[in-house]
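In what follows, a single structure is set out as structure tokens and then discussed.
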Amino acid sequence: MGLYASDHPDVPGLKGLHLYHFMLSNCSQRTRLALEEKGLPWTSHHLNLPANEHVTSDYQRINPKGVVPTLVHDGQVVIESNDILRYLEEHFSEPSLQSNDPAEREAMQACMQEAGAFQGTIKVLSHELLFRPFRKFSPEDVKLFEERHNDADLVSFVRDYSEDGPAWKQRVEDAQAGLVISLDKLEARLKETEWLSGDAYGLADISWVVNVNRLIQAQVDLSNWPGFRSWGERAMARPAFDKAVASYRPS
Ligand SMILES: N[C@@H](CCC(=O)N[C@@H](CS)C(=O)NCC(=O)O)C(=O)O
């Protein structure tokens, strides 16, 4: 699980649940949603990604990849959004968000892994179809990432996105192909079960509902995946989704 031994001096003093997150980050949204579904109180550390608030050596001592979300629970740092979901389930088991049936649990974990693999796809599509109007990188911003961000993949993403040239076009093409592969798998799963997690809503549904929401916002045509679309509507109708995602604003 994504436990990280941070040497940040503030971390040991962080008691209870603390979440470093950004309002519109889909990975952050899934962790807020899990906290909400479990009814857990948490302290918000909101980082504005378009303002590059995560591009600091201070934050990268808490999350070595310099991305959101990060959960800190009684001084224990947990990174990777799907691992945060698993961690919450392990440490706060009620209400349970997984089936008792081992085969169903395995299928749920496979869906969560697929969500992890899908992150590259949704990130490119979000930036291409939704974020351009408000997420812009000046040459100085790109330089800031090159000098201050220690995740080489993110730096090259920022470079390609800001240049908007052949490398970015290739990323968009790959994302469009990735979308079909992943949604075909989910459509097949949803022919067998009501929820991605099995008979009841659970961690895999939390993991994916933020993505269906994003795809709908980006006006991606989902008509080839009717089961996925209608599952998404059921999952988005839950009160916790409204509170943690749709209506969420940082205080
Ligand atoms: N695999 C990671 C991905 C985290 C990630 O990429 N987070 C994005 C927001 S969804 C981020 O912080 N991006 C920083 C940036 O775009 O500058 C997870 O699931 O937590």
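Data overview
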{"item": "Scan of the range 57-89 for residues that are within 15 Å of Glu37 (Cβ to Cβ) and either without any contact (Cβ under 8 Å) to a residue 24 or more places away in the chain or among the aromatic types (Phe, Trp, Tyr) (or both), ordered by number", "result": "Tyr87"}
{"item": "Close pairs from the range 195-212: first at pLDDT 95 or above, partner part of a strand (DSSP E or B), Cβ under 7 Å, at least 6 apart", "result": "Tyr201/Trp195; Gly202/Trp195; Asp205/Trp195"}
{"item": "Residue match in the range 8-16 (condition: surrounded by fewer than 17 Cβ atoms within 10 Å (Cβ to Cβ), under 23 Å from Ile206 (Cα atoms) and small (Gly, Ala, Ser))", "result": "yes"}
{"item": "Subset of the range 213-251 that is farther than 25 Å from Ala177 by Cα and among the hydroxyl-bearing types (Ser, Thr, Tyr) - its residue that is modelled with the lowest pLDDT", "result": "Ser251"}
{"item": "Tally of residues being of a type in the set (Lys, Arg) and within 14 Å of the ligand (Cβ to nearest atom) across the range 60-71", "result": "1"}
{"item": "Residues (touching a His at 6+ places or on another chain (Cβ under 7 Å) and surrounded by fewer than 19 Cβ atoms within 10 Å (Cβ to Cβ)) located in the range 46-81", "result": "His46, Arg61"}
{"item": "Complete set of residues in the range 70-112 that are charged (D, E, K, R) and in a helix (DSSP H, G or I)", "result": "Asp83, Arg86, Glu89, Glu90, Glu104, Arg105, Glu106"}
{"item": "Any chance Val209 is within 21 Å of the chain's Cα centre (by Cα) and not in a loop (DSSP other than H, G, I, E, B)", "result": "yes"}
{"item": "Among the residues listed as Leu129, Leu154, the single one being away from the ligand (no atom under 11 Å from the Cβ) and of a type in the set (A, V, I, L, M, F, W, C)", "result": "Leu129"}
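Condition check ((1) within 16 Å of the ligand (Cβ to nearest atom); (2) outside the structural domain of Ile122 (by TED's automatic domain parsing)) across all residues:
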| position | (1), (2) |
| --- | --- |
| Ser28 | yes, yes |
| Thr31 | yes, yes |
| Lys38 | no, yes |
| His46 | yes, yes |
| His54 | yes, yes |
| Asp58 | yes, yes |
| His73 | yes, yes |
| Arg86 | yes, yes |
| Met108 | no, no |
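The values are calculated or read from the model by the stated rules, or taken from the named source; none is laboratory data. This one's a predicted model, so the numbers in the text were calculated from it and none came from an experiment. Glycine also receives a Cβ, built like all others from the backbone with ideal geometry; neighbour counts cover every protein chain displayed.
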